[in-house]
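Chemist: Right, I'll just put the structure down here and ask away after.
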Amino acid sequence: KGLRVSDKGFLNTAVIQSQITYIDGDAGILRYRGYPIEQLALHSTHLETAYLLIYGTLPSEKQLRQFDNEVMSHSYVHADAENFFRSFRYDAHPMAILTSAFAYLGSYYGEANPSLQGQKLFTNGDRSSLANMDRQIFRIIGKATTLAAMAYRVRQGREFVIPPAGLSYTGQFLYQMDHLGQENYKPSPVLEKALDVLFLLHADHELNASCTTVLQTGSSLVDPYSAIAAGCASLYGPLHGGANEAVIRMLISIGSPGNVPAFLESVKRREKVLSGFGHRVYKTSDPRSFIIRKTADEVFKVTGKDELMETAMALHDAAIKDEYFVKRQLAPNVDFWSGLIYRAMGFPLDFFPVLFAVPRVVGWLAHWRQMMLQEGGVKIWRPRQVYVGSAKRDYVPIGNRP
Ligand code: CMC
C-alpha cells in the first residue's frame, strides 16, 4: 500500500553510506579511499591497494609486509579440493567452477559462519571478532588465485600446482597457471607487472551489480565465502564481468576494420550490442580504459600485437565520433581493451571473467567488512515490490479447468 516502483534498475537509489570508492561519472574520476586511480596504477601494487581499500589507509612498510605475508601464506587449498575440481566436466565454464569453489571453500571454515557460531560473530569493537574477520579476508584473497588456476588446469586434465613461495601475487598466479604449458615456466616480469596493474584497476568499483549482490547476500549474515560466491555469479553475466569476453567475441565476429561501419549500423538497428562501451555511472570515458590502453602497449612489446587490435582501434575510433553513441554518452569502459591484453597473454577466452573476479574479491571484501562493522549493525536488505498480479481467486480442480 502506498508503494510505487520508482527506480527500476536502481538508477538513483543509494542504499548505503560508503568511504571506500568515489566515482564522478561525468568527469571520469575514480578514486580509492581518496587516491586517484592514475596515481595508484603508477605507484602502488594490487596488494598494497587491497590493504588501502580494506583498511582505509596506505600501509606502513611493516603493515604491508605483514599483509603480504598473511595473504600469500593463505594461498594453499586443501588437497581434498582436488576431488571437487575434478568433478566438473572438461568443458565447464571456469566462472561456474570459481563460483562453486568459493561456496565449497566456505564449508571448511565453520569459524566464519554466523549460522554456526552465533549472529554476533563479526561485530565492531571486539578484537577476536576482528581477527577472525581478517583471517577470512586473507584467506579469500590468498586462495582466489589458486582456485582460479585450479579451474584453469582441471579443464586441461593437468595436475594442480602447489603455490610456490617467494613470488608476487600475480607472479605466483601466472606460475600456477603455467598457461603456455612451457617447461620451467617463469612469468615474464613485464606480464607480471601488467597483470598486477590490471588487478589493481579491477579491485573495486563501488556498488556495481556484483558488489551489491555480495552486500545483499551478506546482509542475511551468511558466511563471507557464500557472499563472495554470490558476487561471482553476478559478475559472470555479459553485461558485467562477462563483457571482456563478449568484446573479443564481438571483434572476432566483425573480422576486420572494413566491417566496422556495417557492424555499427547493426548496433544502431538494435540487433547487436557494442560490448565494452557504455556504463551506468560513467557518461564519459572510463578513466581505467586509458591506463589499460597504455598497459596493452607494454604487453604487446613482449607478446606481439594481437591480430584483433586493428579492428578494435577502428571500432573505437568510429564509435567515439558517431552521433548515435555520443548522444547516448556511450564511451569505452574498462572491458574494451582488457580482453585484448588477456588474449595476447594466452589466456583462453572464457577465462577472462575469472581475471575480473579474482581481483574484485578485494572490493567485495572491503564493502562487506565496512557493512558488517557499521554502527548499529547490519540491517537485512529487503526491498519492496508493487504487486500487479491477479486479485484473489479460488482454486479450480484440474478436471474443471478449460
Ligand atoms: N551498445 C549499444 N547501445 C547501448 C549500449 C551498448 N553497449 N549501452 C547502452 N546503450 C544504449 C541503450 O540501448 C539506451 O538507448 P536508448 O535510450 O535509445 O534506449 C542508452 O544507450 C542508455 O543505455 P542504458 O541501457 O539505459 O544504460 P544502463 O546504465 O542501463 O546499462 C550497461 C549500462 C553497461 C549495462 C550498458 O551500457 C551495456 O550493456 N554495455 C555493454 C556491456 C558492457 O560493456 N558491460 C561492461 C560494463 S563496465 C564493467 C562492468 O561493470 O563489468
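Chemist: Output the qualifying pairs, or none if there are none: Cβ atoms under 7 angstrom, residues six or more apart or on different chains, first residue in the range 331-351 and assigned by TED's automatic domain parsing to the domain that holds T284 and within 15 Å of the ligand (Cβ to nearest atom), second residue of a type in the set (A, V, I, L, M) and outside any helix (DSSP H, G or I).
Modeler: Here the result reads L340/L308, each pair linking the range 331-351 to a residue that is of a type in the set (A, V, I, L, M) and outside any helix (DSSP H, G or I).
Chemist: Name the residue that is farthest from L355 (Cα to Cα), counting only residues in the range 222-241 that are in a loop (DSSP other than H, G, I, E, B) and near the ligand (Cβ under 8 Å from one of its atoms).
Modeler: My answer is L239.
Chemist: Can you tell me which residues in the range 292-317 are farther than 13 Å from L340 by Cα and either near the ligand (Cβ under 8 Å from one of its atoms) or acidic (D, E) (or both)?
Modeler: Once the filter is applied, which keeps residues that are farther than 13 Å from L340 by Cα and either near the ligand (Cβ under 8 Å from one of its atoms) or acidic (D, E) (or both), the range 292-317 yields only D317.
Chemist: D178 fails exactly one of the following numbered conditions: (1) acidic (D, E); (2) more than 30 Å from N132 (Cβ to Cβ); (3) within 16 Å of the ligand (Cβ to nearest atom). What is the number of that condition?
Modeler: Exception for D178: condition (3).
Chemist: Which of the residues spanning the range 316-372 are under 18 Å from A227 (Cα atoms), surrounded by fewer than 24 Cβ atoms within 10 Å (Cβ to Cβ) and basic (K, R)?
Modeler: Once the filter is applied, which keeps residues that are under 18 Å from A227 (Cα atoms), surrounded by fewer than 24 Cβ atoms within 10 Å (Cβ to Cβ) and basic (K, R), the range 316-372 yields only R369.
Chemist: Something else now. Taking A246 and the conditions (1) among the hydrophobic types (A, V, I, L, M, F, W, C); (2) within 14 Å of the ligand (Cβ to nearest atom); (3) in a helix (DSSP H, G or I); (4) modelled with pLDDT of 95 or more, which numbered condition does it fall short on, given that it satisfies the others?
Modeler: (4)
Chemist: Could you tell me which residue of the range 275-310 is nearest to K193 (Cα to Cα), considering only residues that are in a loop (DSSP other than H, G, I, E, B) and polar (S, T, N, Q)?
Modeler: S285
Chemist: Here is a further query. What are the pairs with Cβ atoms under 6 angstrom where one residue, in the range 197-220, is in the same structural domain as A366 (by TED's automatic domain parsing) and over 14 Å from P287 (Cα atoms) and the other, located anywhere, is among the polar types (S, T, N, Q) and within 12 Å of the ligand (Cβ to nearest atom)? Sequence gap at least six, or different chains.
Modeler: Partner pairs satisfying both residue conditions: A209/S234; S210/S234; T213/S234.
Chemist: State which residue is surrounded by the most Cβ atoms within 10 Å (Cβ to Cβ) when the search covers only the range 261-274 and only residues that are within 14 Å of the ligand (Cβ to nearest atom) and in a helix (DSSP H, G or I).
Modeler: F263
Chemist: With A366, A357 as the choices, which residue is within 15 Å of the ligand (Cβ to nearest atom), closer than 30 Å to K143 by Cβ and modelled with pLDDT of 95 or more?
Modeler: Just one listed residue meets the conditions, A357.
Chemist: Would you check if there is a residue in the range 151-163 being in the same structural domain as P94 (by TED's automatic domain parsing), touching a residue at least 12 places away in the same chain (Cβ under 8 Å) and under 29 Å from S289 (Cβ atoms)?
Modeler: yes
Chemist: Of a type outside the set (D, E, K, R) and under 17 Å from the mean Cα position of the chain (by Cα): does that describe A92?
Modeler: No, not satisfied.
Chemist: Also: Residues to consider are S289, S285; find the one that is farther than 21 Å from S253 by Cα, of a type in the set (G, A, S) and either more than 13 Å from the ligand (Cβ to nearest atom) or free of Cβ contacts under 8 Å to residues at least 60 places away in the same chain (or both).
Modeler: The unique qualifying residue is S289.
Chemist: Can you tell me which of V362, V358 is in a helix (DSSP H, G or I), touching an Asp or Glu at 6+ places or on another chain (Cβ under 7 Å) and assigned by TED's automatic domain parsing to the domain that holds G231?
Modeler: V362
Chemist: Given the criterion surrounded by 22 or more Cβ atoms within 10 Å (Cβ to Cβ) and not basic (K, R), identify the matching residue among D178, D204.
Modeler: D204
Chemist: Enumerate the helices (runs of 4 or more DSSP H) found wholly within the range 38-107, keeping only those where 1 or more residues are acidic (D, E) and over 30 Å from G157 (Cβ atoms).
Modeler: Filter on the range 38-107 gives 46-55, 61-73.
The values are calculated or read from the model by the stated rules, or taken from the named source; none is laboratory data. Keep in mind the model is a prediction, meaning the values are calculated, not measured. Cβ coordinates were reconstructed from backbone atoms using ideal geometry, including for glycine residues, and neighbour counts include every protein chain displayed.
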